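Before any comments, here is the structure.
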């Protein structure tokens with residue numbers, strides 16, 4: 001089945017789902033749930049456009065001070081993104097932390113007194129549980145319009161086995177499989193709740209099952225994300241041991257400090273303050289070539305540290321010690337690719 005046909009069926013099912021929900025009649029309690037949950041869901045607008053990538057997505061508030069949880073995606077490939085609340089107010093959001101293996105990012109907007117989900121009150125549910133899905137699927141909302149709401153049932157809880165394009169999904173933990181078309185363009189980062197409004201999980205990206213080649217409607221349980229989200233918000237995430245420092249307080253300049261070229265990576269010239277860490281070329285026979293890194297890959301993470309520029313890449317690689325394992329996450333077109341390279345002893349050591 002072609003992607004276009006699949007999307008047409010998704011749209012048809014979305015329309016059918018909404019009509020069926022209306023025709024059966026929403027109970028007063030369900031209407032109250034929708035009125036309570038919708039203000040906690042936000043619309044996110046950021047990078048996109050190239051290669052027909054959509055530039056919009058969803059997120060949800062997890063604190064009254066404007067902390068927002070969403071999926072890690074190409075939409076966040078800019079210094080800031082636009083975040084629009086349910087009442088149409090628009091804020092500038094910035095990424096304060098991310099964990100690609102969980103497909104997770106946390107944003108912050110400067111606001112107070114916002115409605116939010118208490119992560120400690122999330123629900124663990126079983127098969128057969130009736131649920132509601134909230135998201136900005138297909139960019140239905142750009143201002144104060146309400147986000148979309150889909151009803152369905154939890155079909156199963158299993159381990160995610162999926163891919164996006166030629167690459168495996170970075171997240172391979174437990175997921176809820178949903179009997180409803182929840183995972184559409186722009187829906188990633190939205191929420192699944194029980195019918196009384198308790199948070200169940202975060203809607204994931206559009207993925208295919210690697211075994212059946214069918215599109216998945218899945219949600220990542222909040223229990224898998226909660227600890228990392230709380231660490232990012234509190235500033236405890238990615239805490240590292242103190243670096244070697246010189247007398248003036250700057251990072252120590254060890255004679256055997258590692259650089260990108262030690263792994264066979266040549267980045268583009270560092271000509272401005274925040275030159276993106278694009279790979280210009282890969283040296284033949286190098287560790288990078290063996291690991292599958294390619295020209296034009298954009299380095300996003302080294303370990304758990306977000307790489308904003310060639311300079312931050314240099315700083316992170318300079319902290320390595322021989323015997324370490326270097327994990328690099330790159331963006332290749334619209335895919336996230338993770339590789340691990342050994343940090344070998346340098347000849348001069």
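The values are calculated or read from the model by the stated rules, or taken from the named source; none is laboratory data. Everything numeric in this text was worked out from a predicted model, so none of it was measured. When we count neighbours, we look across all protein chains shown, and the Cβ atoms used for this are built from the backbone with ideal geometry, even at glycine.
Descriptive notes on the structure:
- Candidates in region 70-93 are the residues that are touching a strand residue (DSSP E or B) at 6+ places or on another chain (Cβ under 6 Å) and assigned to a strand (DSSP E or B); of these, the one that is surrounded by the fewest Cβ atoms within 10 Å (Cβ to Cβ) is 90.
- Number of residues in region 336-349 that are touching a residue at least 60 places away in the same chain (Cβ under 8 Å), buried (at least 16 other Cβ atoms within 10 Å of the Cβ) and in contact with a helix residue (DSSP H, G or I) (Cβ under 9 Å, 6 or more places away or on another chain): the value is 4.
- Candidate set from region 163-189 (those that are part of a loop (DSSP other than H, G, I, E, B) and more than 25 Å from residue 147 (Cβ to Cβ)); member that is modelled with the highest pLDDT: 173
- Some residue of region 108-116 being closer than 16 Å to residue 188 by Cβ and crowded, with 21+ Cβ neighbours inside 10 Å: no
- Residues of region 117-137 that are in contact with a helix residue (DSSP H, G or I) (Cβ under 9 Å, 6 or more places away or on another chain) and surrounded by 21 or more Cβ atoms within 10 Å (Cβ to Cβ): 117, 132, 134, 137.
- The residue of region 322-343 that is nearest to the chain's Cα centre (by Cα), among those that are outside any strand (DSSP E or B) and either under 23 Å from residue 100 (Cα atoms) or not assigned by TED's automatic domain parsing to the domain that holds residue 285 (or both), is 334.
For every residue, the table says whether it meets (1) in the same structural domain as residue 281 (by TED's automatic domain parsing); (2) assigned to a loop (DSSP other than H, G, I, E, B); (3) modelled with pLDDT of 50 or more.
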residue	(1), (2), (3)
219	no, no, yes
223	no, no, yes
229	no, no, yes
240	no, yes, no
249	no, yes, no
266	yes, no, yes
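- Residue match in region 153-160 (condition: within 19 Å of residue 127 (Cβ to Cβ), crowded, with 17+ Cβ neighbours inside 10 Å, assigned by TED's automatic domain parsing to the domain that holds residue 216 and at pLDDT 95 or above): yes
- Any hit, region 135-142, residues being within 18 Å of residue 216 (Cβ to Cβ), assigned to a strand (DSSP E or B) and at pLDDT 95 or above: yes
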